[in-house]
Amino acid sequence: MFDWLRRRRTGPGLETPPDTDDSLPVMDGGPFFIRPMEAADAELLPRIFRAAIHGQGAAFYSPAQRKAWASAADDAAAFVAGLEQGVTIVADLDGRAGGFAQLHPENTLHMMYVAPGLAGYGVATLLCQYLEDEARILGQDVLHTHASLAAKRFFEQMGFKMEAEETVTRAGVTIPRFSMTKILRRT
């Protein structure tokens with residue numbers, strides 16, 4: 001039914017199609033809501049992280065870059081411990097995490113990942129808006145993020161401005177990204 005979408009996401013000339021995890025949630029018309037991260041999410045969040053990188057990132061990053069980036073979740077316990085810092089929220093669909101985002105420190109949208117089957121349904125928008133509001137409540141005037149090539153356009157649509165192109169090295173592999181900011185209050 002969604003073959004056209006798969007073709008659009010994989011595009012011509014890519015070495016491999018995105019990795020898939022058929023056990024992750026997909027949109028079936030049911031509503032989703034935002035809630036705090038819970039201990040029960042520990043098994044699913046690293047899988048969402050990896051699936052989003054290999055799915056949404058396939059058109060922008062090489063297999064080696066995606067593998068290096070996704071390796072941050074190889075130690076699932078350490079990955080989840082990192083998510084326990086700051087404010088981490090989850091998009092819940094039928095009692096299961098379908099995406100997550102983290103504000104850490106209080107002025108940085110540190111992570112935002114959505115299961116590939118939920119991409120394009122407003123999950124990322126709601127996660128971002130929620131954490132923007134949280135940053136405002138915490139007294140922040142500016143929100144920062146480091147956006148992937150895949151997420152740059154989304155963040156621009158959310159009002160973020162690119163500050164600089166940068167690279168980060170993960171597992172010995174260089175990965176390009178963008179430093180972006182959004183003004184939350186006029187001073």
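The values are calculated or read from the model by the stated rules, or taken from the named source; none is laboratory data. As the structure is a computational prediction, the values presented were derived from the model and not from experiment. Glycine gets a Cβ as well: all are built from the backbone with ideal geometry, and neighbour counts include every protein chain shown.
Overview of results
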quantity: Selection count, segment 89-115, where residues are surrounded by fewer than 23 Cβ atoms within 10 Å (Cβ to Cβ), outside any strand (DSSP E or B) and in contact (Cβ under 8 Å) with a residue 60 or more places away in the chain; calculated: 1
quantity: Residues of segment 53-71 that turn out to be in contact with a Phe, Trp or Tyr (Cβ under 8 Å, 6 or more places away or on another chain) and part of a loop (DSSP other than H, G, I, E, B), as a count; calculated: 2
quantity: Residues of segment 116-139 satisfying the condition of being closer than 15 Å to residue 180 by Cβ and either surrounded by fewer than 13 Cβ atoms within 10 Å (Cβ to Cβ) or of a type outside the set (Asp, Glu) (or both); calculated: 124, 128, 131, 135
quantity: Of all residues making up segment 61-78, the number that are surrounded by fewer than 17 Cβ atoms within 10 Å (Cβ to Cβ) and of a type outside the set (Ser, Thr, Tyr); calculated: 7
quantity: Condition met for residue 120 (in a loop (DSSP other than H, G, I, E, B), of a type outside the set (Val, Ile, Thr) and closer than 20 Å to residue 48 by Cβ); calculated: yes
quantity: Test: residue in segment 160-171 that is crowded, with 19+ Cβ neighbours inside 10 Å and part of a loop (DSSP other than H, G, I, E, B); calculated: yes
quantity: Residue selected from segment 90-110 under the condition over 11 Å from residue 123 (Cβ atoms) and touching a helix residue (DSSP H, G or I) at 6+ places or on another chain (Cβ under 7 Å), by the criterion modelled with the lowest pLDDT; calculated: 96
